[in-house]
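Below is one structure, written out as C-alpha coordinates; comments come after it.
The values are calculated or read from the model by the stated rules, or taken from the named source; none is laboratory data. None of these values were measured; they are calculated from a predicted model. Note: ideal-geometry Cβ built from the backbone for every residue, glycine included; neighbour counts use all protein chains shown. Only protein heavy atoms, including side chains, enter the accessible area calculation; ligands, DNA and RNA are left aside. Shrake-Rupley method; radii C 1.70, N 1.55, O 1.52, S 1.80 Å.
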Amino acid sequence: MQEEELKNLREENERLKQTIATKAEMVSINVHQIRTLLSAIKWIIKMFLDGDLGKLTAEQEGLLRKAYEGNERMLGTASEMLLINKTENVVERPYVFVGVNVSDIIENSIFDFSGEAKIKSVEIIFLKPQAGLPQVRADQEKLRIVFQNLLENAVKYSNNNSKIFISAKIIENFLEVSVKDSGIGIVDGGKEKIFEKFYRGENAQKKEAVGSGIGLFTTRKIVEGHGGKIWFESVENEGTTFFFTIPIWEGK
Ligand code: ADP
(Lines give C-alpha, C1' and ligand atoms only; values in the text may rest on other atoms or scores of the structure.)
Protein backbone atom coordinates (compact mmCIF):
# COMPACT_ATOMS: atom_id res chain seq x y z
CA MET A 1 0.00 0.00 0.00
CA GLN A 2 1.23 3.46 -0.85
CA GLU A 3 2.32 5.81 1.91
CA GLU A 4 -0.39 8.26 0.90
CA GLU A 5 -3.19 5.65 1.01
CA LEU A 6 -2.06 4.52 4.44
CA LYS A 7 -2.12 8.08 5.71
CA ASN A 8 -5.66 8.59 4.36
CA LEU A 9 -6.85 5.38 5.98
CA ARG A 10 -5.38 6.40 9.32
CA GLU A 11 -7.07 9.78 9.11
CA GLU A 12 -10.39 8.19 8.15
CA ASN A 13 -10.05 5.79 11.07
CA GLU A 14 -9.47 8.68 13.48
CA ARG A 15 -12.52 10.52 12.11
CA LEU A 16 -14.69 7.41 12.57
CA LYS A 17 -13.47 6.94 16.14
CA GLN A 18 -14.32 10.56 16.84
CA THR A 19 -17.82 10.16 15.38
CA ILE A 20 -18.45 7.03 17.46
CA ALA A 21 -17.28 8.80 20.63
CA THR A 22 -19.53 11.80 19.90
CA LYS A 23 -22.52 9.52 19.28
CA ALA A 24 -21.88 7.62 22.51
CA GLU A 25 -21.82 10.91 24.38
CA MET A 26 -25.10 12.01 22.78
CA VAL A 27 -26.76 8.70 23.69
CA SER A 28 -25.56 9.13 27.24
CA ILE A 29 -26.90 12.68 27.58
CA ASN A 30 -30.28 11.84 26.00
CA VAL A 31 -30.81 8.62 27.92
CA HIS A 32 -29.93 10.37 31.17
CA GLN A 33 -32.64 12.92 30.39
CA ILE A 34 -35.14 10.19 29.55
CA ARG A 35 -34.31 8.43 32.79
CA THR A 36 -34.79 11.60 34.81
CA LEU A 37 -38.22 12.17 33.27
CA LEU A 38 -39.24 8.54 33.79
CA SER A 39 -38.21 8.84 37.46
CA ALA A 40 -40.38 11.94 37.84
CA ILE A 41 -43.34 10.07 36.30
CA LYS A 42 -42.65 7.14 38.61
CA TRP A 43 -42.96 9.29 41.73
CA ILE A 44 -46.13 10.99 40.52
CA ILE A 45 -47.81 7.65 39.83
CA LYS A 46 -46.59 6.36 43.18
CA MET A 47 -48.18 9.28 45.00
CA PHE A 48 -51.52 8.38 43.43
CA LEU A 49 -51.08 4.68 44.22
CA ASP A 50 -50.15 5.45 47.84
CA GLY A 51 -53.40 7.41 48.19
CA ASP A 52 -51.64 10.73 48.86
CA LEU A 53 -54.00 12.48 46.44
CA GLY A 54 -57.22 10.86 47.58
CA LYS A 55 -58.80 7.44 47.39
CA LEU A 56 -58.77 5.69 44.01
CA THR A 57 -61.41 3.44 42.55
CA ALA A 58 -60.32 -0.15 41.85
CA GLU A 59 -60.35 0.61 38.12
CA GLN A 60 -58.19 3.71 38.50
CA GLU A 61 -55.76 1.83 40.71
CA GLY A 62 -55.53 -1.08 38.26
CA LEU A 63 -54.74 1.22 35.34
CA LEU A 64 -52.20 3.24 37.30
CA ARG A 65 -50.49 0.06 38.44
CA LYS A 66 -50.10 -0.98 34.80
CA ALA A 67 -48.65 2.45 33.97
CA TYR A 68 -46.29 2.12 36.93
CA GLU A 69 -45.05 -1.30 35.81
CA GLY A 70 -44.54 -0.14 32.20
CA ASN A 71 -42.63 2.86 33.47
CA GLU A 72 -40.46 0.61 35.64
CA ARG A 73 -39.56 -1.50 32.59
CA MET A 74 -38.64 1.60 30.60
CA LEU A 75 -36.49 2.80 33.51
CA GLY A 76 -34.74 -0.58 33.50
CA THR A 77 -34.13 -0.34 29.75
CA ALA A 78 -32.75 3.20 30.06
CA SER A 79 -30.36 2.09 32.82
CA GLU A 80 -29.28 -0.89 30.72
CA MET A 81 -28.60 1.43 27.74
CA LEU A 82 -26.43 3.69 29.87
CA LEU A 83 -24.51 0.70 31.17
CA ILE A 84 -23.91 -0.70 27.65
CA ASN A 85 -22.74 2.68 26.45
CA LYS A 86 -20.30 2.98 29.34
CA THR A 87 -19.11 -0.62 28.95
CA GLU A 88 -18.50 -0.23 25.21
CA ASN A 89 -16.43 2.83 25.95
CA VAL A 90 -14.22 0.91 28.38
CA VAL A 91 -13.95 -2.15 26.11
CA GLU A 92 -12.85 -0.09 23.09
CA ARG A 93 -9.98 1.52 25.01
CA PRO A 94 -6.55 -0.11 24.56
CA TYR A 95 -5.63 -2.75 27.13
CA VAL A 96 -3.31 -1.67 29.93
CA PHE A 97 -1.99 -4.75 31.73
CA VAL A 98 -0.83 -4.48 35.31
CA GLY A 99 -0.72 -6.75 38.36
CA VAL A 100 -4.31 -6.82 39.69
CA ASN A 101 -5.66 -8.06 43.02
CA VAL A 102 -8.63 -10.27 42.01
CA SER A 103 -9.95 -10.66 45.55
CA ASP A 104 -10.53 -6.89 45.74
CA ILE A 105 -12.45 -6.90 42.45
CA ILE A 106 -14.55 -9.88 43.56
CA GLU A 107 -15.35 -8.30 46.93
CA ASN A 108 -16.27 -4.96 45.32
CA SER A 109 -18.51 -6.67 42.77
CA ILE A 110 -20.26 -8.62 45.52
CA PHE A 111 -20.88 -5.35 47.32
CA ASP A 112 -22.30 -3.79 44.11
CA PHE A 113 -24.90 -6.54 43.77
CA SER A 114 -25.65 -7.05 47.46
CA GLY A 115 -28.82 -4.91 47.22
CA GLU A 116 -30.35 -6.90 44.38
CA ALA A 117 -29.25 -10.16 45.96
CA LYS A 118 -30.88 -9.21 49.27
CA ILE A 119 -34.21 -8.47 47.58
CA LYS A 120 -34.20 -12.07 46.29
CA SER A 121 -32.72 -13.54 49.50
CA VAL A 122 -29.75 -14.72 47.48
CA GLU A 123 -26.47 -15.12 49.35
CA ILE A 124 -23.23 -14.49 47.44
CA ILE A 125 -20.33 -16.44 48.90
CA PHE A 126 -16.69 -15.91 47.94
CA LEU A 127 -14.72 -19.06 48.75
CA LYS A 128 -11.47 -17.19 49.21
CA PRO A 129 -8.49 -19.52 49.72
CA GLN A 130 -6.75 -19.02 53.07
CA ALA A 131 -3.42 -18.45 51.35
CA GLY A 132 -5.00 -15.67 49.29
CA LEU A 133 -4.87 -15.37 45.51
CA PRO A 134 -1.95 -14.35 43.31
CA GLN A 135 -2.15 -11.14 41.32
CA VAL A 136 -3.33 -11.54 37.74
CA ARG A 137 -2.12 -9.82 34.58
CA ALA A 138 -5.14 -7.72 33.75
CA ASP A 139 -6.67 -4.46 32.70
CA GLN A 140 -8.35 -3.61 35.98
CA GLU A 141 -11.40 -1.77 34.60
CA LYS A 142 -12.08 -4.41 31.97
CA LEU A 143 -11.68 -7.29 34.41
CA ARG A 144 -14.17 -5.57 36.68
CA ILE A 145 -16.73 -5.67 33.83
CA VAL A 146 -16.22 -9.45 33.54
CA PHE A 147 -17.07 -10.00 37.22
CA GLN A 148 -19.94 -7.54 37.11
CA ASN A 149 -21.54 -9.22 34.11
CA LEU A 150 -21.18 -12.75 35.47
CA LEU A 151 -22.42 -11.79 38.90
CA GLU A 152 -25.26 -9.70 37.52
CA ASN A 153 -26.46 -12.69 35.48
CA ALA A 154 -26.01 -15.08 38.39
CA VAL A 155 -28.22 -12.88 40.60
CA LYS A 156 -30.71 -12.11 37.81
CA TYR A 157 -31.24 -15.74 36.83
CA SER A 158 -31.09 -17.20 40.36
CA ASN A 159 -34.16 -18.45 42.15
CA ASN A 160 -35.14 -16.74 45.38
CA ASN A 161 -33.53 -18.11 48.57
CA SER A 162 -30.50 -19.59 46.90
CA LYS A 163 -26.72 -19.22 47.03
CA ILE A 164 -24.08 -18.08 44.55
CA PHE A 165 -20.51 -19.33 44.98
CA ILE A 166 -17.43 -17.61 43.57
CA SER A 167 -14.17 -19.54 43.72
CA ALA A 168 -10.73 -19.44 42.16
CA LYS A 169 -7.83 -21.85 41.81
CA ILE A 170 -4.39 -21.79 40.21
CA ILE A 171 -3.87 -23.97 37.14
CA GLU A 172 -0.33 -23.64 35.83
CA ASN A 173 0.16 -20.00 34.79
CA PHE A 174 -3.52 -19.12 35.01
CA LEU A 175 -6.11 -18.43 37.64
CA GLU A 176 -9.37 -20.28 36.96
CA VAL A 177 -12.38 -18.47 38.37
CA SER A 178 -15.89 -19.86 38.64
CA VAL A 179 -19.26 -18.28 39.39
CA LYS A 180 -21.91 -20.85 40.29
CA ASP A 181 -25.63 -20.26 40.69
CA SER A 182 -28.68 -22.45 41.30
CA GLY A 183 -30.96 -20.68 38.87
CA ILE A 184 -32.98 -21.28 35.73
CA GLY A 185 -30.06 -22.81 33.79
CA ILE A 186 -29.30 -22.55 30.10
CA VAL A 187 -31.50 -24.67 27.84
CA ASP A 188 -29.92 -26.85 25.17
CA GLY A 189 -30.96 -24.71 22.21
CA GLY A 190 -29.18 -21.70 23.67
CA LYS A 191 -25.90 -23.34 24.57
CA GLU A 192 -24.28 -22.61 21.21
CA LYS A 193 -25.49 -19.02 21.07
CA ILE A 194 -24.89 -17.80 24.58
CA PHE A 195 -21.85 -15.65 23.73
CA GLU A 196 -23.40 -14.13 20.59
CA LYS A 197 -24.28 -10.45 20.60
CA PHE A 198 -27.99 -9.79 21.44
CA TYR A 199 -28.82 -13.44 22.19
CA ARG A 200 -31.21 -13.90 25.11
CA GLY A 201 -32.59 -17.29 26.15
CA GLU A 202 -36.38 -17.71 26.16
CA ASN A 203 -36.39 -18.80 29.79
CA ALA A 204 -34.21 -15.78 30.63
CA GLN A 205 -36.64 -13.38 28.94
CA LYS A 206 -39.52 -14.90 30.89
CA LYS A 207 -37.71 -14.49 34.19
CA GLU A 208 -36.27 -11.03 33.48
CA ALA A 209 -37.87 -8.73 30.93
CA VAL A 210 -34.94 -6.31 30.98
CA GLY A 211 -31.73 -7.41 29.30
CA SER A 212 -29.67 -6.74 26.20
CA GLY A 213 -27.81 -9.92 25.35
CA ILE A 214 -24.58 -7.96 25.25
CA GLY A 215 -23.10 -8.88 28.64
CA LEU A 216 -21.66 -12.29 27.76
CA PHE A 217 -20.52 -11.15 24.32
CA THR A 218 -18.48 -8.40 25.99
CA THR A 219 -17.31 -10.71 28.76
CA ARG A 220 -15.89 -13.21 26.28
CA LYS A 221 -14.23 -10.44 24.29
CA ILE A 222 -12.50 -9.15 27.43
CA VAL A 223 -11.44 -12.58 28.71
CA GLU A 224 -9.97 -13.45 25.31
CA GLY A 225 -8.32 -10.04 25.16
CA HIS A 226 -6.43 -11.13 28.29
CA GLY A 227 -5.37 -14.42 26.68
CA GLY A 228 -7.88 -16.41 28.75
CA LYS A 229 -10.82 -18.72 27.97
CA ILE A 230 -14.45 -18.73 29.08
CA TRP A 231 -16.96 -21.59 29.20
CA PHE A 232 -19.89 -22.87 31.24
CA GLU A 233 -21.70 -25.93 32.55
CA SER A 234 -25.44 -25.77 32.98
CA VAL A 235 -28.48 -27.89 33.73
CA GLU A 236 -31.93 -26.47 33.05
CA ASN A 237 -33.77 -25.52 36.26
CA GLU A 238 -30.78 -26.56 38.38
CA GLY A 239 -28.17 -23.93 37.75
CA THR A 240 -25.19 -22.66 35.82
CA THR A 241 -21.48 -22.32 36.48
CA PHE A 242 -19.37 -19.97 34.39
CA PHE A 243 -15.61 -20.53 34.34
CA PHE A 244 -12.90 -18.31 32.97
CA THR A 245 -9.12 -18.19 33.08
CA ILE A 246 -6.85 -15.20 33.40
CA PRO A 247 -3.02 -15.21 33.32
CA ILE A 248 -1.16 -14.83 36.60
CA TRP A 249 0.99 -11.69 36.85
CA GLU A 250 4.65 -12.46 36.52
CA GLY A 251 5.82 -8.91 36.95
CA LYS A 252 5.78 -7.92 33.27
P1 ADP B 1 -28.73 -10.56 29.27
O2 ADP B 1 -28.48 -11.10 30.64
O3 ADP B 1 -28.81 -9.08 29.20
O4 ADP B 1 -29.88 -11.23 28.59
P5 ADP B 1 -26.12 -11.70 28.57
O6 ADP B 1 -25.30 -11.50 27.35
O7 ADP B 1 -25.49 -11.34 29.86
O8 ADP B 1 -27.46 -10.91 28.34
O9 ADP B 1 -26.55 -13.21 28.60
C10 ADP B 1 -27.06 -13.81 27.42
C11 ADP B 1 -28.02 -14.92 27.77
O12 ADP B 1 -27.31 -15.98 28.40
C13 ADP B 1 -29.11 -14.55 28.77
O14 ADP B 1 -30.19 -13.90 28.16
C15 ADP B 1 -29.49 -15.92 29.30
O16 ADP B 1 -30.31 -16.59 28.37
C17 ADP B 1 -28.16 -16.64 29.34
N18 ADP B 1 -27.51 -16.59 30.67
C19 ADP B 1 -26.41 -15.87 31.01
N20 ADP B 1 -26.06 -16.09 32.29
C21 ADP B 1 -26.96 -17.00 32.77
C22 ADP B 1 -27.12 -17.65 34.04
N23 ADP B 1 -26.30 -17.42 35.07
N24 ADP B 1 -28.16 -18.52 34.15
C25 ADP B 1 -28.98 -18.77 33.12
N26 ADP B 1 -28.88 -18.19 31.90
C27 ADP B 1 -27.88 -17.32 31.73
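Against the condition within 8 Å of the ligand (Cβ to nearest atom) and either of a type in the set (A, V, I, L, M) or closer than 24 Å to GLN130 by Cβ (or both), how does ILE184 come out, does it pass?
Considered against the rule, which asks whether it is within 8 Å of the ligand (Cβ to nearest atom) and either of a type in the set (A, V, I, L, M) or closer than 24 Å to GLN130 by Cβ (or both), ILE184 comes out as yes.
So, of the residues in segment 128-164 that are acidic (Asp, Glu) and more than 13 Å from the ligand (Cβ to nearest atom), which turns out to be modelled with the highest pLDDT?
If we take residues in segment 128-164 being acidic (Asp, Glu) and more than 13 Å from the ligand (Cβ to nearest atom), then ASP139 is modelled with the highest pLDDT.
Return the residues of segment 59-88 that are of a type outside the set (D, E, K, R) and more than 22 Å from THR36 (Cα to Cα); say none if nothing qualifies.
Across segment 59-88, the qualifying residues are GLN60, GLY62, LEU63.
Take the conditions over 19 Å from LEU133 (Cα atoms), among the acidic types (Asp, Glu) and without any contact (Cβ under 8 Å) to a residue 40 or more places away in the chain and apply them to ASP112. Does it pass?
Yes: the conditions hold for ASP112.
Among SER167, SER234, SER212, which is in contact with a strand residue (DSSP E or B) (Cβ under 6 Å, 6 or more places away or on another chain) and near the ligand (Cβ under 10 Å from one of its atoms)?
The conditions single out SER234.
If I ask for residues that are over 21 Å from GLY215 (Cα atoms) and at pLDDT below 95, which ones from segment 174-198 would you list? Talk me through it step by step, then tell me what you get.
As a first pass, look at segment 174-198 and keep what is over 21 Å from GLY215 (Cα atoms): 174-175.
Passing the criteria: none in range.
Take segment 187-209 and flag every residue that is more than 6 Å from the ligand (Cβ to nearest atom) and either touching a strand residue (DSSP E or B) at 6+ places or on another chain (Cβ under 6 Å) or closer than 24 Å to MET81 by Cα (or both).
Quick first cut of segment 187-209, residues more than 6 Å from the ligand (Cβ to nearest atom) only: 187-189, 191-193, 195-198, 202-203, 205-209.
LYS193, PHE195, GLU196, LYS197, PHE198, GLU202, ASN203, GLN205, LYS206, LYS207, GLU208, ALA209 - these are the residues of segment 187-209 that are more than 6 Å from the ligand (Cβ to nearest atom) and either touching a strand residue (DSSP E or B) at 6+ places or on another chain (Cβ under 6 Å) or closer than 24 Å to MET81 by Cα (or both).
Look through segment 123-139, keep the residues that are within 11 Å of PRO247 (Cα to Cα) and not charged (D, E, K, R), and return whichever of them is most open to solvent (accessible area, probe 1.4 Å).
Once the filter is applied, the top-ranked residue is GLN135.
Has segment 116-126 got at least one residue that is assigned to a helix (DSSP H, G or I), modelled with pLDDT of 90 or more, farther than 25 Å from ALA24 by Cβ and in contact with a Leu (Cβ under 6 Å, 6 or more places away or on another chain)?
Scanning segment 116-126 turns up no residue that is assigned to a helix (DSSP H, G or I), modelled with pLDDT of 90 or more, farther than 25 Å from ALA24 by Cβ and in contact with a Leu (Cβ under 6 Å, 6 or more places away or on another chain).
Under 8 Å between Cβ atoms, which residue pairs at least 6 apart in sequence (or on different chains) link something in segment 55-82 that is in contact (Cβ under 8 Å) with a residue 12 or more places away in the chain with a partner that is of a type in the set (Gly, Ala, Ser) and part of a helix (DSSP H, G or I)?
LEU75/SER39; LEU82/SER28
Under 7 Å by Cβ, and 6 or more places apart or on different chains, what pairs join a residue from segment 144-165 that is among the basic types (Lys, Arg) with one that is near the ligand (Cβ under 8 Å from one of its atoms)?
Correct list of pairs: LYS156/GLU208.
Has segment 64-82 got at least one residue that is open to solvent by 80 Å² or more (accessible area, probe 1.4 Å) and within 16 Å of ILE20 (Cα to Cα)?
Yes, segment 64-82 contains at least one residue that is open to solvent by 80 Å² or more (accessible area, probe 1.4 Å) and within 16 Å of ILE20 (Cα to Cα).
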